[in-house]
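Before any comments, here is the structure.
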Amino acid sequence: MYNELNILLVEDNPGDALLIKEMVRDSEFKSATLIVVSSLAAAQRENVAGKKIALILLDLSLPDSEGMASIHAMREHFPDSVLIILTGLDDETVAVNALKEGAQHYLVKGEINEKILERSIRYAIERHEIINKLKLSEEKFSKLFYANPMIVLITSYKDGTIISANDECLRAFEYTREELIGNTVPGLNMWHDSIDREQTLKLLERDGVIKNQESRFRSKSGKIRHGLISVEILELPEGKVLVTFANDITDLKKTEDALKESEVQLRETFNELNTYLYKSSHDLRSPAANINAVLSLLSKQGLSSENFENYL
């Protein structure tokens, strides 16, 4: 399992180095390659040699470096390696500081045995892998969040405090990230209608989620934006947060409104044309109707065709 694992032991005390070497050989890591050096400079040369060092056992008291300086140097030269600190002092402050600086574990030399070392190495490797996976997940989330073409806004459930906003959200609402983070949605008057916001929160409390609801919002300059929003509640250790996704449909609404206006104008024009045609048809029929009425009247009065011609 660990055939391709390279372990770098940085220890200037030959006795301690031999003891740790034997412990490693008697552990589940016996098939790993153990490289032993006695100074920080020698350790850094191993990095130049091109070997992929998976784990480092680092003594904090070296001839050319001590304490936190050694940790900083190793982190700089081996940023991807698992780091376990070895020290002759059972100093909790040193241990805490070492972990803060990126070490995965801390061992006191006088208390180490084969099982403790084996467990510590295994634990440190597993912890390092988990941290790397979390970092990768965070990087993926960051890319999905900030580069998302949709508006994404994260706010506290309690009072609407803005926790994070992606680039599209900044563009749509015309704020900088510094202007948004820490302020509240109500405080910035981002909803066009406060009643709409209250009703949305009530629906969210009832259903736990909102999907594709059309709402109106207000940008920093006062422009009204139309959004198709979806909201979900997330439970975090710090409390509940709302994650809002929105499609900016402002341009679509403008197009729809323009189309509706065109339809109204077309309908009005059509009605006016119908009225005009009706009047025109009525006016064209009126002379013939009048002549027919006169002829009927004259016929009743007994006029002959000759007299009728004279009458005309």
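Computed from the coordinates by the stated procedures, all read-outs in this text should not be read as laboratory data. Worth saying up front: this structure is predicted, and the values here are computed from it rather than measured. Heads up, the Cβs are rebuilt from the backbone with ideal geometry, glycines too, and the neighbour counts pull from every protein chain shown.
Computed from the C-beta positions of residue 267 and residue 198, the FRET efficiency with R₀ = 30 Å rounds to 0.20. Based on DSSP H segments of at least four residues, each scored -39500 (n - 2.57), the chain has a per-residue ellipticity at 222 nm of -16500 deg cm²/dmol. Can you tell which of 262, 228, 166 lies farthest toward the positive end of the dipole of the chain, using +1 and -1 charges on the Cβ of basic and acidic side chains (Lys, Arg; Asp, Glu)? Most positive-ward Cα: 262. Taking other Cβ atoms within 10 Å as a rough exposure proxy, 231, 209 sort from fewest to most as 209, 231. Charge dipole (Cα centre; +1 on Lys/Arg Cβ, -1 on Asp/Glu Cβ; no other charges) of the range 21-128 amounts to roughly 420 debye. Judged by the gyration tensor of its Cα atoms, with axes a ≥ b ≥ c, the chain is prolate; a/c meets the 1.5 cut and a/b is the larger of a/b and b/c. Sorting 37-43, 130-136, 13-19, 154-160 by average packing, meaning the other beta carbons within 10 Å per residue, from highest down gives 37-43, 154-160, 13-19, 130-136. Measuring against 29 Å, Cα to Cα, the residue pairs 202/223; 51/143; 21/135; 143/202; 100/140 contain 51/143; 21/135; 143/202 as the ones spanning a longer distance.
The C-alpha atoms of the chain define a longest principal axis, and helix 14-25 lies at about 60 degrees to it. Assuming charge only on the beta carbon of Lys and Arg (+1) and of Asp and Glu (-1), the dipole of the chain about its Cα centre is about 1020 debye to the nearest 20. Taken as Cα centroids, the range 7-45 and the range 95-159 sit 25 Å apart, rounded to the nearest whole angstrom. Rounded, prolate or oblate, given the Cα gyration tensor of the range 6-141, with a/c below 1.5 counting as rounded? In terms of gyration-tensor shape, rounded.
For the pair residue 189 and residue 260 in one chain, pulling the backbone fully straight at 0.36 nm per residue adds 22.6 nm over the alpha carbon distance. Sorting 168-175, 75-82, 139-146 by their mean Cβ neighbour count within 10 Å, with the most densely packed peptide first, gives 168-175, 75-82, 139-146.
I want the local charge near residue 44. Using Cβ-Cβ distances under 11 Å, sum +1 for each Lys or Arg and -1 for each Asp or Glu among the other residues. So the surrounding residues net to -2. Among 188-196, 20-28, the peptide with the highest mean count of other Cβ atoms within 10 Å heads the list, and the full ranking is 20-28, 188-196. Cβ-Cβ distance of residue 158 and residue 275, R₀ of 51 Å, FRET efficiency by 1/(1 + (r/R0)^6): the value works out to about 0.25.
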